[in-house]
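Here's the structure we're looking at; comments come further down.
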Amino acid sequence: MEAVLIATAVSILGSAYYTKTNADHQKEMIKKSNENAAQTAFLQNKQAQLALEEQRRKNKNLLNQQQAAYKARLGASGLSGQTGSGDTYLNAMKKEYDMEDKYLVNQAKISSDALLNSLGRTTSTNLLKLNSINSESQANTYNTLGNLAGGIGRTMIK
């Protein structure tokens, strides 16, 4: 009778240990998934920022080259870029550059927001999984205690 009691207890506790170990492993994997998602989002955002800065630098250099070339053409023809149509054309170049720059910044912000949304979605999904694992673990603990008590009770009655 004691052997049956011990065997029942060992079986129930072994099952509980396996379940707890599995739940702990799943929790660790969820934690790593969140860390990886955050790191990936950070790196992608950093890469997008660097690409934006490079594009803005190239656009600024192009604007300066275009303005310098136009001023040189005006100067060669004896006109000034400070007044009249020369000034208007240079201002239009600057406005076009400003619009392009604003567009690039807005696109980068949209991309960054999308990365943050994706990270938030991943984190929320993982939080739901973690809550589910915790609930299952708690239920399993109660079931184990119930099974253990029931098994001992049945064995004692015999």
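A compact table of results
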| read-out | value |
| --- | --- |
| Net charge, Ala38 excluded, C-beta distance under 15 Å - Lys, Arg +1, Asp, Glu -1 | +3 |
| Region 20-93 - percent of accessible surface contributed by carbon and sulfur, probe 1.4 Å | 52 percent |
| Taking N as its residue count, the alpha carbon Rg of region 8-113 over 2.2 N^0.38 Å | 2.29 |
| For region 27-135: accessible area per residue (Å², 1.4 Å) | 71 Å² |
| Charge context of Lys20, other residues only, Cβ under 13 angstrom, K/R +1, D/E -1 | -2 |
| Out-of-range pairs (alpha-carbon distance over 31 Å; input Lys58/Lys109; Lys60/Lys109; Lys46/Lys129; Lys31/Lys102; Lys46/Lys71) | Lys31/Lys102; Lys46/Lys71 |
| Formal net charge of residues neighbouring Thr125 (Cβ-Cβ distance under 15 Å; K, R +1; D, E -1) | +4 |
| Phi to ³J(HN,Hα) by Karplus 6.51 cos²θ - 1.76 cosθ + 1.60 over region 97-105, Hz, x for Gly, Pro | 4, 4, 5, 4, 5, 4, 4, 4, 5 |
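The values are calculated or read from the model by the stated rules, or taken from the named source; none is laboratory data. None of these values were measured; they are calculated from a predicted model. All Cβ positions, glycine included, derive from the backbone under ideal geometry; neighbour counts span all protein chains shown. These accessible areas exclude ligands, DNA and RNA; they are computed on the full protein's heavy atoms, side chains included. Shrake-Rupley method; radii C 1.70, N 1.55, O 1.52, S 1.80 Å.
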